[in-house]
Amino acid sequence: MIRAVDLHVHLPLKEWLDGSMGPYREGAARYFRSEVHERSVDELAVDFAQEQLFGILLAWDAQTATARPPLSNDFVSAIVKRHPKRFAFFASVDPWKPNAVAELERAVKELGAKGAKFHPSMQDFYPSDERHFKLWEKASELKIPCLFHTGTSGIGAGQPGGQGIKLDPARPIHLDIVAARFPELPIIAAHFGWPWHLELIAMALHKTNIYIELSGWSPRYYPQELVREMGGRLQDRTLFGSDYPFIKPARVLEELDALALKPEAKVKILRENASRLLKLELR
Ligand SMILES: [Zn+2]
């Protein structure tokens with residue numbers, strides 16, 4: 001029995017931590033006040049099995065903006081093939097690479113990606129920039145959701161110039177135009193967009209293809225407006241996520257209990273909404 005789908009899992013491997021993250025790794029760990037331990041894929045699968053979790057693993061390609069090596073779609077899909085009952089994955093494509101649209105299609109059709117993850121701050125692009133609309137058109141055609149990092153960023157936090165990372169591209173409002181132009185495209189805003197969470201809540205109440213994802217936060221710090229809406233009007237469009245390895249899902253699940261959500265809302269947020277949206281067959 002799976003009790004929750006964790007929609008936001010970064011791989012605790014050297015390839016991501018020292019490769020894709022590299023100079024951003026230490027600052028991010030400090031921001032989350034967590035010790036980031038490297039784990040093998042098989043250890044991660046055991047950890048998730050013990051917690052009765054199904055994890056969505058995230059590929060990563062911000063090569064143009066950061067000059068760091070990607071965690072490729074092929075690499076992550078091979079991990080999913082090894083543990084198909086425990087994990088699925090979201091593809092990453094670098095919006096600045098000329099093959100971005102073709103790679104998105106390949107990742108979904110050939111590698112089995114369930115969605116795609118974008119990071120407007122780390123990839124340094126605006127989702128509302130028409131030059132990237134062909135990506136949203138393709139995702140819409142492939143009938144997959146797109147997950148966007150929104151709000152502030154642990155990466156670069158507490159550093160001079162935020163290590164060159166800009167927050168504005170990750171404002172939720174830049175997704176409003178995308179949601180309006182592509183009504184069939186499910187758009188998931190990660191980290192509930194803080195400090196622009198009110199903006200995001202308004203967007204989600206206005207447009208039914210906008211979803212709110214909870215990762216990167218300890219539930220005890222959730223803003224009050226979020227807690228009210230996720231237990232009420234937005235209970236069908238709120239999704240659980242941890243932001244592993246910075247935050248452990250077991251801790252988030254434990255603290256979520258303290259919010260005293262109605263049992264039916266909780267089940268939707270933890271499992272049912274993700275299962276429906278990603279067409280998962282959870283066992
Ligand atoms: Zn993340």
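The values are calculated or read from the model by the stated rules, or taken from the named source; none is laboratory data. Computed from a predicted structure; not experimentally measured. Positions of Cβ are generated from backbone atoms using ideal geometry, with glycine treated the same way; all protein chains shown enter the neighbour counts. Just so you know, the surface numbers come from the protein's heavy atoms only, side chains and all, with ligands and any DNA or RNA stripped out. Shrake-Rupley method; radii C 1.70, N 1.55, O 1.52, S 1.80 Å.
Among the residues of region 134-159, which ones are more than 16 Å from the ligand (Cβ to nearest atom), open to solvent by 10 Å² or more (accessible area, probe 1.4 Å) and not in a loop (DSSP other than H, G, I, E, B)?
LYS134, GLU137, LYS138, SER140, GLU141, LEU142
With the checklist (1) buried (at least 18 other Cβ atoms within 10 Å of the Cβ); (2) out of contact with any strand residue (DSSP E or B) (no Cβ under 7 Å at 6 or more places or on another chain); (3) at pLDDT below 95; (4) under 23 Å from GLN159 (Cβ atoms) in hand, flag the one item LEU13 doesn't pass.
Tallying (1) buried (at least 18 other Cβ atoms within 10 Å of the Cβ); (2) out of contact with any strand residue (DSSP E or B) (no Cβ under 7 Å at 6 or more places or on another chain); (3) at pLDDT below 95; (4) under 23 Å from GLN159 (Cβ atoms), LEU13 fails exactly one: (4).
Could you list, ordered by first residue, the pairs with Cβ atoms under 9 Å in which the first is in region 180-195 and over 21 Å from SER242 (Cβ atoms) and the second is within 16 Å of the ligand (Cβ to nearest atom) and outside any loop (DSSP other than H, G, I, E, B), at least 6 apart or interchain?
LEU185/CYS146
Step by step: first the residues of region 176-209, then only those that are assigned to a helix (DSSP H, G or I) and either within 13 Å of SER121 (Cα to Cα) or in contact with a Gly (Cβ under 8 Å, 6 or more places away or on another chain) (or both), then the one that is farthest from the ligand (Cβ to nearest atom). Which residue is that?
GLU199
For VAL46, are the conditions met, namely being surrounded by fewer than 18 Cβ atoms within 10 Å (Cβ to Cβ) and either within 16 Å of the ligand (Cβ to nearest atom) or farther than 19 Å from LEU277 by Cβ (or both)?
Here the answer is yes, as VAL46 does meet what is asked.
Would you tally the residues in region 212-244 being within 13 Å of the chain's Cα centre (by Cα) and within 16 Å of the ligand (Cβ to nearest atom)?
Matching residues across region 212-244 total 12.
Take region 42-93 and flag every residue that is touching a strand residue (DSSP E or B) at 6+ places or on another chain (Cβ under 9 Å) and assigned to a helix (DSSP H, G or I).
LEU44, ALA45, ASP47, PHE48, ASN73, VAL76, SER77, ILE79, VAL80
Does region 241-253 contain any residue that is assigned to a helix (DSSP H, G or I) and farther than 29 Å from ALA29 by Cβ?
Within region 241-253, not a single residue is assigned to a helix (DSSP H, G or I) and farther than 29 Å from ALA29 by Cβ.
Within region 39-68, how many residues are closer than 18 Å to LEU104 by Cα and out of contact with any Pro (no Cβ under 7 Å at 6 or more places or on another chain)?
Total meeting the criteria: 6.
Based on what the data block shows, is GLU254 away from the ligand (no atom under 16 Å from the Cβ), under 25 Å from LEU44 (Cβ atoms), open to solvent by 20 Å² or more (accessible area, probe 1.4 Å) and within 18 Å of the chain's Cα centre (by Cα)?
Spelling it out, it is not the case that GLU254 is away from the ligand (no atom under 16 Å from the Cβ), under 25 Å from LEU44 (Cβ atoms), open to solvent by 20 Å² or more (accessible area, probe 1.4 Å) and within 18 Å of the chain's Cα centre (by Cα).
Among the numbered criteria (1) closer than 19 Å to LYS268 by Cα; (2) buried (at least 21 other Cβ atoms within 10 Å of the Cβ); (3) of a type in the set (A, V, I, L, M), which single criterion is violated by LEU205?
Of (1) closer than 19 Å to LYS268 by Cα; (2) buried (at least 21 other Cβ atoms within 10 Å of the Cβ); (3) of a type in the set (A, V, I, L, M), only one is false for LEU205: (2).
Please go through region 123-133 and give me each residue that is part of a loop (DSSP other than H, G, I, E, B) and crowded, with 16+ Cβ neighbours inside 10 Å, ordered by number.
Those that are part of a loop (DSSP other than H, G, I, E, B) and crowded, with 16+ Cβ neighbours inside 10 Å: GLN123, ASP124, PHE125, TYR126, PRO127, SER128.
So which of MET1, MET21 ends up being open to solvent by 50 Å² or more (accessible area, probe 1.4 Å) and of a type outside the set (Ser, Thr, Tyr)?
Within the list MET1, MET21, the selection yields MET1.
Residue check: is LEU167 among the aliphatic types (A, V, I, L, M) and either closer than 22 Å to ARG237 by Cα or more than 16 Å from the ligand (Cβ to nearest atom) (or both)?
no
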